[in-house]
Structure formats: structure tokens, C-alpha cells
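Down below is the structure, laid out as C-alpha cells.
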Amino acid sequence: MKITGNGDTKVENRFRFYNTLTRQVGPVVPREDGKIRMYTCGPTVYHYAHIGNLRSYIMEDVLEKALRYAGYDVKRVMNITDVGHLSSDADTGEDKMLKGAKRENRTVMEIAQFYTDAFFADCAKLNIKTPDIVEPATNCIPEFIHMVEVLLEKGYAYTAGGNVYFDTSKLDDYFVFSSQSEKELLVGVREDVEEDANKRNRNDFVLWFTKSKFEDQALKWESPWGTGYPGWHIECSCISMKHLGEYMDIHCGGVDNIFPHHTNEIAQSESYLGHKWCSYWFHVNHLQDKSGKMSKSKGDFLTLSLLEEKGYDPLVYRMFCLQSHYRKPLEFSYGVLDNMSAAYTKLVRRIADLKPEGGIDKARFAEYREAFQAALCDDLNTSMAITIIYDLLKDEMSDATKYALIEDFDRVLSLNLTTAAVREPEKDQDVDEDMRSYILAKIEERKAAKKAKDFAAADAIREELLAKGIVLKDTREGVVWHRA
Ligand code: AMP
Ligand code: ZN
């Protein structure tokens, strides 16, 4: 089979990435129709996404765009988890959505709508493309009920204490992602977890709840097993099958999803279908803060809005993510973000200085495009892809060729490389002289406050300017400002 992508490049087997299932870097081979069916575990919309969550969505966005760039035909689906994701992965805690509703004294559906909108607003700022299909879990209750019925009929599930459970002892290999030693570890990891006495086996999981300790669950539906609500894992199996059919190519998520979420998805999907379900599993490692894993339940957590309030352009955070490999843990610090901010500003200014006149050198264009694509196809080496931009800027060729290449690469990187620098001065120009002097005076005042370690006064000045529609950015080269 041959697939023809951009131009006439043959793309079959071209793209390679690390498949968690096979524990190897290998080529992505599409099914007979040439389509790549891709699924992403969406956000649990009980709170803002933290910038760790957004790291996963940025890298999954680049994966999709890199596949398209290499000529693959991609269809991508994402769910929105608005019911059934409990605080504990062992099915014992409270529904996270209910927790969010109680915290804010709003209904679960109000919470879901608010944080779904907030999530997509963050995605838009980070140039993350919305997947072709986005489906909230609460839209698919009949599909969940149907899958649970089939699993019961086939003997893979049982009812106990009012809930329906998946029986993991029915599978020859439940721990599909793990080596033998890891399997022991995974079972051990869950030993501190409060056990549900209804489970026949330690790793059995709930497909449908009618009983839990938390009787005030807000959203409930009629089912053959009584009024209740679905388990979290069943959502992703059903929503992906609804839109992508019985076979999936690439399933994405953060590394914390490997166990138990993705392990359980495979168990129930393949038992339901009676055949292998998904070929490739793409997992993004965690963003960490100094204290370790970033988590929403810790209370205070880093959001994109917080970075913006501190004056960082969201695309600086995107570049920070792209500069590191998706399989490595990434430690967040403001120091590194400051460096990235300076690098980004410098890069976009350099690009803005190009005079894209004259012709495009087609041979050089093809040569660089090939190198860029090769970096992405090599297990999504995004930092190498960015290095190629620095290389081409230094190279002897027309500005028109350079500009065309960078525009082309930005279809994948989505860093607004050719537009960001042009935008700022234009925005700056539409303030009058009085306003300009006022801003500069305030910047000086803030500098003095910071020097005197009066951070409350410095923050108050930032807020004062923000109220007037002016955003301050702290960069290595000093403070810059632009209109909000
Ligand atoms: P959630 O909203 O909790 O369902 O998580 C949304 C996505 O973020 C999932 O794919 C998680 O695996 C991923 N995720 C959670 N924490 C982190 C982190 N610290 N760094 C990167 N991705 C994360
Ligand atoms: Zn999922």
C-alpha cells in the first residue's frame, strides 16, 4: 500500500514513535484505508487544567499535526469526562465532578460547562487544534449501558452489592503494558488503597455504579441494574468506538493513564469486541514542579492564566514543552520559562527581520523540509525540529526561502513564528504618548518596588496596568509590555 502525502512523498511507515504496548520505537502503519484513527483522553472538567495537563495536550497536538505533515490522513476524537471519574483510581472516592460542584456551590452541569469552556480557551491560546470530534461522556449513556450488557452476557462482568464489575481474572494477560517485574509492582502500588469488598479480584473495576459511599451523586440514569452512573474507563472505550469503529490506531494520554485507566480500557474493549482493539499507545511524561508531580487535588496549582498574569505569553509555555522530549519528565521553573521567553522573543524578532523578497530556492526548501520531517518522524523529536529553524536562519539562502520554510514548519509547531513579532509593535503603537509615559513610569516604579523586595507593591502595579488593558512581561532583556 502506498499513501501519497504532501507533494509526492511516500509516507508509508515513515513516522516512528515509542509504542508503550510493544515497548519499542517503531513505524506507524495505517490500516487498509490509509486512515489513522486517533483518540485522546480528554480533561476531567471539575477544575481548570493545570499546565501539566496542558503539556500532554500540546504534545498530542504536535503528534497529530506531525502525522498530517508527513501525509497521513488523521481522524481524531476526544472525550470530555463530565461524570464517573472518582477521586481514587480504585473506585472508592467521590466523583470529582461532585467535588467541584460542592467546592463552588454550583450544579455539576454548570461546573462541566464552565471548565470545558475554560479548557478550550486555554487550548486556543496554546494553538492546540480542537480534535475533529469532541464528545462529553454524559452524551453516551445508552452506549455505556450496551457495552456493560454485552460484557455481562459474555461472562466478563458480574454484579455485586449493586454495582457491575469487570472480572479481570477472565483475562490471560490483564497487565498488557507491563513487564513481569513491573506487574508485581503495579499490584503492590495499590495495596494501600481502600478495598471494595464486592470485588472478586483486587484489580476488578466498576463498569456501572448504583451504590457507592457517596449517595449524593448528582447525575444518575436508569439502567438494567438500577439508577446509577458509569465508571470512568468505559467512557473512553465507548466514545472511541462510536466515532472510530472497532479498530483504533493511536490512543494518547499522560503516563498516569497507563495504569489503571488504559489497562482497563483494553481489558473491556477487547473482551467486548473479541479482537485486538488499538495498535499504538502514545504516552506523555509528566510535568513536575520541584516537589514532584503536579496535581489538581493539591489545591494550589499552576494554570495557564496564572502564567499570563505573570506576563508570560502562552506560546512561550508551548515552546518550553516542545524544547523537551515528550517521553522525559519535565521540571517546571520560572527561571527556565524566563530563558524561554527571551529565546522566543529573539527568535520571532529575527524572523520578522527577514525580507521575504525574491524567489524560493526549491531544492533548498525540499532539503530542509526533509530534515524537519525526519526529526518529527524520529519519535517526535521536537527540539531537533526547532534546532533546524536556527540552522536555516544562519544558512546562505534567500530570505524568501527561509520565510517559506518557517511558515511551513509552523503548521506543526504552531508558535506563531511569522506573526508574533509583527503583532506586538502594531499593538503598542495604538497608545498615545501620555499613556506610553505613564506605562514606562509604572514599570520603573515596579522595578524599584521589586528591588526593595516589596512584592505586594510590585504586584499591585502589575494589576493596575492590567486593569488599563496593559500586560507586563518579565523577560531576561527587561520588562516589555503589550496591550491585552
Ligand atoms: P485529567 O483532567 O486529570 O483527566 O487529565 C488530563 C490529561 O492530563 C491526562 O491525559 C493525564 O494523563 C494528563 N496529566 C495529568 N497530570 C499530568 C502532568 N503532571 N503532566 C503531564 N500530563 C498530565
Ligand atoms: Zn480515557
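The values are calculated or read from the model by the stated rules, or taken from the named source; none is laboratory data. The shown structure was predicted, so the numbers you read here are calculated from the model rather than taken from an experiment. Here Cβ is always computed from backbone atoms with ideal geometry, including for glycine, and neighbour counts include all displayed protein chains. Note: accessible area is taken over every heavy atom of the protein model, side chains too, but ligands, DNA and RNA are not part of it. Shrake-Rupley method; radii C 1.70, N 1.55, O 1.52, S 1.80 Å.
Region 279-363: which trypsin sites (Lys or Arg not before Pro) are DSSP loop and have at most 12 other beta-carbon atoms within 10 angstrom? Walk me through the numbers on the way to the answer.
Numbers: sites: K290, K293, K296, K298, K310, R318, R327, K346, R349, R350, K362; in loops: K290, K310, R327.
Sites meeting the loop and neighbour criteria: K290.
Could you tell me the distance between the Cα centroids of region 331-376 and region 309-324, to the nearest Å?
Region 331-376 and region 309-324 have Cα centres spaced 15 Å from each other.
Would you check region 325-413 for Lys pairs whose C-alpha atoms are within less than 27 Å, ignoring same-chain pairs closer than 8 in sequence, and give me the count?
Eligible lysine pairs with Cα atoms under 27 Å apart amount to 9.
Provide the per-residue ³J(HN,Hα) series for region 285-294, in order, calculated from phi with Karplus coefficients 6.51, -1.76, 1.60 and θ = phi - 60°, each as a whole number of Hz, with x at glycine and proline positions.
6, 7, 7, 10, 9, 4, 7, x, 4, 7
On the accessible surface of the chain, probed at 1.4 Å, how many percent belong to carbon and sulfur atoms? Numbers along the way, then the final one.
Details: 10460 of 20730 Å².
C and S fraction of accessible area: 50 percent.
P(r) for region 3-284: what percent of alpha-carbon pairs falls in each 10 Å bin, starting at zero?
Per 10 Å bin, starting at 0, the Cα pair percentages come out as 6, 28, 36, 23, 6, 1, 0.
Pull up the cross-link candidates among the aspartates and glutamates for K99, meaning alpha carbon to alpha carbon under 20 Å and not fewer than 8 places away within one chain.
Within reach: D82, D89, D91, E110, D117, E194, E215, D216, E235, D300.
By how many degrees, between 0 and 90 and to the nearest 10, does the Cα long axis of helix 399-413 differ from the longest principal axis of the chain?
Its long axis makes an angle of about 20 degrees.
Under the 0.36 nm per residue contour assumption, what length would be gained going from the current alpha-carbon distance of L273 and T22 to full extension?
Working: separation 251, 0.36 × 251 = 90.36 nm, distance 2.10 nm.
Taking 0.36 nm per residue and subtracting the Cα distance, the gain is 88.3 nm.
Straight distance only, please: which lysines reach the Cα of K65 with their own Cα at less than 16 Å, same-chain residues fewer than 8 apart left out?
K65 reaches K35, K75, K129.
Hey, quick one: spin label on K328, modelled 7 Å out along Cα-Cβ, who in region 45-66 has an amide N within reach, i.e. under 20 Å?
52-63
If you fit an axis through the alpha-carbon atoms of helix 263-273 and take the longest principal axis of the Cα set of the chain, what angle between them do you get, 0 to 90°, nearest 10?
60
Could you work out how far helix 420-429 tilts from the main Cα principal axis of the chain, as a 0 to 90 degree angle to the nearest 10?
Around 60 degrees separate the two axes.
For the chain, what is the mean residue ellipticity at 222 nm derived from helices alone (per DSSP H run of n ≥ 4: -39500 (n - 2.57); sum divided by total residues; nearest 500 deg cm²/dmol)? Could the numbers behind the result be given before it?
On the way: 16 runs with 213 residues, N = 484.
Mean residue ellipticity at 222 nm (helix-derived): -14000 deg cm²/dmol.
Could you run the Karplus curve 6.51 cos²θ - 1.76 cosθ + 1.60 with θ = phi - 60° over region 382-388 and give me ³J(HN,Hα) per residue in whole Hz, x for Gly and Pro?
Each residue's phi maps through the Karplus curve to give 6, 5, 5, 4, 6, 4, 4 Hz.
Run the reach check for K102 against lysines, Cα to Cα strictly under 26 Å, same-chain hits fewer than 8 apart removed. What comes back?
The reachable lysines, counting only those whose Cα sits under 26 Å from K102, are K211, K213, K220, K293, K296, K298.
Taking each pair of different alpha-carbon atoms in the chain once, compute 1/r for the pair, average those values, and report the inverse of that mean as the Kirkwood hydrodynamic radius in Å to one decimal.
Values: mean 1/r = 0.0405 Å⁻¹.
One decimal place: 24.7 Å for the Kirkwood radius.
Where only protein heavy atoms count, and the probe is 1.4 Å, what is the accessible area per residue for region 201-280 in Å²? Could you put the intermediate results ahead of the total?
On the way: 2510 Å² over 80 residues.
Normalised by residue count, the accessible surface of region 201-280 is 31 Å².
Indicate, rounded to the nearest 5 percent, the antiparallel portion of the DSSP beta bridges found entirely in the chain. Could the numbers behind the result be given before it?
Numbers: 24 of 47 bridges.
Taking every DSSP beta bridge within the chain, about 50 percent pair in antiparallel fashion.
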